[in-house]
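To start, the structure under review is shown below, and the notes come after it.
The values are calculated or read from the model by the stated rules, or taken from the named source; none is laboratory data. Quick caveat: nothing in here was measured; it's all calculated off a predicted structure. Backbone-built Cβ (ideal geometry, glycine too); neighbour counts: all protein chains shown. To get the accessible areas, we keep the full protein, side chains included, count just its heavy atoms, and leave off ligands, DNA and RNA. Shrake-Rupley method; radii C 1.70, N 1.55, O 1.52, S 1.80 Å.
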Amino acid sequence: MTLGLLSISWQVIVDSIGLGAVYALMAVGIGLVFGVLRLVNFAYGQLVMAGAYALAFASEWDLPLVVGIAFCFAVVIGLSLIMDVVVFRPLRAQSPAVMLVATFAVAFLLQSIALLAFGPLGKAASSLGSLNRPVTVGDVDIRKITIVAIIVAGICLLLLVLLLERTTMGLHMRAAAMDFRTARLLGVRADRVIGSAVLISALLAATVSVILTVQNPLVTPDFALRDTIVVLAGVVVGGMNRLLTATMGGFAIGFVSGILGGALPSDQSQYLPSFLFGLVILVLLVRPNGLFARGPGPVERV
């Protein structure tokens, strides 16, 4: 069964929603750190890559599934905290341009280390391969990982909203996002707030690692690199000034990417990035503040 002039099937729509859910999780992780630190972390994809390698080694060592996932989370959280302490914390007082260059340097450093340590051919992470099996609903084969991605994304977003709206730490994070200096003068502990944002972002990155390795079991040094670039574009398109708009932008660009991929003939799939980023440019020309932004002026970022 297909829809519309582009002959888009229900199968493509379901897969696009699943991809949008994964990209929304990535957008939350990126947007949360930006909201508190004003830092666009280009090394976020390398955190996802590190978690994927952890899952690959867990599969190679025949570790139990739960242990392998725990290993993935430990690697991503540890690496994220090291990045914050060694690189980002000493540079917090510097200009955004310096911080931006630092994230680029960290990203390419981690990718080069992975290339030297593990080689270009990659490793297989097959422990969760059973989640790639489909569940048939009518004429649509829905992969179990798509269902898991949608449910996990919904739960994570709900928990994050509850954290930001109902807890003292969430209040401090929102205050820091609006005016960091004033928040510190009012007693908000900067290191605690930033550490919490980094930790939550790392938890989301590890979750994305698990989902993406199910969808693509071959882990290479550029694993999740393209996804990160697309999500960053989605965050900008949605509006970086608020976590909600950034998340909506991540979901939107994932959904549109899936739709365009399904609409294009298989022999023309290489043109997908051109269509996608051309559409991003058009959106920004019309809505430079973001597709979901409420208007100009300062707004709450978290």
Inset, instruction - Please list the helices of the chain that count as membrane-span-like by this rule: a mean Kyte-Doolittle hydropathy of at least 1.6 together with Cα atoms stretching 18 Å or more along the helix axis, each helix being a complete DSSP H run. - result: 10-37, 65-83, 96-118, 144-166, 190-215, 225-238, 272-286
Inset, instruction - Could you check how much of the accessible area of the chain is carbon and sulfur, as a whole percent, using a 1.4 Å probe? - result: 69 percent
Inset, instruction - Take every Cα pair under 8 Å in the chain that's 6+ residues apart, average their separations, divide by the length, and report that relative contact order as a whole percent. - result: 34 percent
Legend entry - Reciprocal of mean inverse Cα separation for the stretch 1-120 (Kirkwood radius, Å): 16.7 Å
Legend entry - Local net charge near residue 68, Cβ-Cβ under 11 Å (Lys/Arg +1, Asp/Glu -1): -2
Legend entry - GNM result for the chain, Cα springs below 10 Å: residue of 219, 76, 66 fluctuating most strongly: 66
Legend entry - Sites residue 216 and residue 139, calculated FRET efficiency, Cβ-Cβ separation with R0 22 Å, nearest 0.05: 0.30
Inset, instruction - For the stretch 78-219, compute Rh as the Kirkwood radius over C-alpha pairs and then the Stokes-Einstein diffusion coefficient at 37 °C and 0.692 mPa s; write the answer in µm²/s, rounded to an integer. - result: 180 µm²/s
Legend entry - D (Stokes-Einstein, µm²/s), Kirkwood Cα radius, the stretch 207-289, 1.306 mPa s at 10 °C: 115 µm²/s
Legend entry - Chain lengthening between residue 169 and residue 274 when straightened (0.36 nm per residue, less Cα-Cα): 33.6 nm
Legend entry - Most mobile listed residue (95, 127, 196) in the chain, GNM with C-alpha springs under 10 Å: 95
Inset, instruction - Keeping all protein chains in place, calculate the accessible area per residue for the stretch 20-169 (probe 1.4 angstrom), answer in Å². - result: 48 Å²
Legend entry - Kirkwood hydrodynamic radius (C-alpha pairs) into Stokes-Einstein, the chain, 20 °C and 1.002 mPa s, D in µm²/s: 108 µm²/s
Inset, instruction - Report the one residue of 148, 24, 187 whose Cα lies farthest in the direction of the positive end of the charge dipole of the chain (charges on C-beta: Lys and Arg +1, Asp and Glu -1; origin at the Cα centre). - result: 187
